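Notes for the one structure printed next.
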2 protein chains.
Amino acid sequence: MSELPTAPVAPVAAHEPPYYMAVFTTVRTQDQSGYSETDARLEQLVKDVPGFLGMDHAQTPGGLGITVGYFRDADALTEWRSNAEHRAAQQRGRAQWYQSYTLHVAKVERSHGFTRGPAGGAASG
Amino acid sequence: MSELPTAPVAPVAAHEPPYYMAVFTTVRTQDQSGYSETDARLEQLVKDVPGFLGMDHAQTPGGLGITVGYFRDADALTEWRSNAEHRAAQQRGRAQWYQSYTLHVAKVERSHGFTRGPAGGAASG
C-alpha cells in the first residue's frame with residue numbers, strides 16, 4: 001500500500017442515491033510480492049471507468065482490509081468488473097495475496113455526510 | 001479500539017441476498033477520550049438487534065476508518081438506527097470524535113466469498 005499522506009485524508013462524500021457500492025473485505029497472506037504495484041495500477045485504471053465516483057480504503061495492520069468502490073450505476077460496476085487487468089489481478093489475488101475475502105455489491109438507498117466546521121460541527125449531504 | 005487478536009481475523013461471510021449493509025467511513029479528531037469504551041459497548045449492543053448479521057472494521061493508523069454493519073433487512077437496520085444509546089453515541093461522535101464521516105446505507109444484491117484451502121484455494125458463497 002502506498003499511503004503517502006500528501007493530502008488530508010477524507011472519506012468519499014455522500015452522492016445522490018441511488019448509486020452502487022462494492023465492499024471488498026480481505027485478510028492477506030504472508031506473500032505480498034507484487035501487490036502494491038498492482039494496487040497502484042488498478043487505482044489508476046478504475047478512474048477511467050465512466051461513472052466511477054471514488055474509493056475508500058482502510059487497513060488494520062496485521063488485520064482486516066476494507067476497500068469500498070462507489071459507482072454511479074450497475075453498468076459502471078459491470079464495466080469495471082469485466083476489465084481485463086482487473087480480472088487478472090483478481091486471479092492473482094486468489095492465487096497469492098488473499099487468505100480470505102468477501103465481496104458485497106449493493107445499491108445505495110440513502111447516505112449522508114458530516115464535516116466538522118471551524119466551530120465544531122456542520123452537517124452536509 | 002480494542003483489537004485484541006484473540007481469534008484469527010476473518011471477514012464477515014457472504015450471506016444470501018438481499019440483505020442490508022451500512023458503510024460508515026470516518027476520519028477522527030485528536031480527542032478520542034471515551035471512544036473505545038463507547039465502541040465496545042455498541043459492539044455488544046448491536047448483537048442484540050434481531051437480524052444483525054455481523055460487522056467488519058478496518059482502521060488505517062492516522063488515516064481512514066471503515067466500519068461495515070450487515071443486517072438481514074431494512075427493519076433490523078431501523079431498529080439499530082433508533083437505539084437510544086446508539087443515537088447518543090452518534091451525537092457525541094459529531095461533537096468530539098469525528099473530523100468527518102460518510103454513511104452509505106445499501107441493499108446487497110450479490111455477494112461471494114473466498115477462503116484459501118490447504119492447497120491454496122477454495123471458493124465459497
Answer with yes or no whether B:Leu53 is under 11 Å from the mean Cα position of the chain (by Cα) and either farther than 18 Å from A:Ala14 by Cα or buried (at least 16 other Cβ atoms within 10 Å of the Cβ) (or both).
yes
Looking at (1) touching a residue at least 12 places away in the same chain (Cβ under 8 Å); (2) within 12 Å of chain A (Cβ to nearest Cβ); (3) loosely packed, with under 15 Cβ neighbours inside 10 Å, can you tell me which one B:Pro61 breaks?
(1)
Looking at (1) open to solvent by less than 60 Å² (accessible area, probe 1.4 Å); (2) more than 24 Å from B:Gly62 (Cα to Cα), can you tell me which one A:Asp48 breaks?
(1)
B:Glu85 vs. criteria open to solvent by 20 Å² or more (accessible area, probe 1.4 Å), among the acidic types (Asp, Glu), modelled with pLDDT under 95 and farther than 22 Å from A:Ala22 by Cα:
no
Among the candidates A:Ala95, A:Ala14, A:Ala106, single out the residue that is within 14 Å of chain B (Cβ to nearest Cβ), farther than 26 Å from B:Leu103 by Cα and among the aliphatic types (A, V, I, L, M).
A:Ala95
State yes or no: is B:Arg72 more than 9 Å from every other protein chain (Cβ to nearest Cβ) and of a type outside the set (S, T, N, Q)?
yes
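The values are calculated or read from the model by the stated rules, or taken from the named source; none is laboratory data. Just so we're clear, the structure is a prediction, and the values are computed from it rather than from any experiment. Quick reminder, even Gly has a Cβ in these numbers, built from the backbone with ideal geometry, and neighbours come from all protein chains shown. Please note that ligands, DNA and RNA were not included when accessible areas were found on the heavy atoms of the full protein model with its side chains. Shrake-Rupley method; radii C 1.70, N 1.55, O 1.52, S 1.80 Å.
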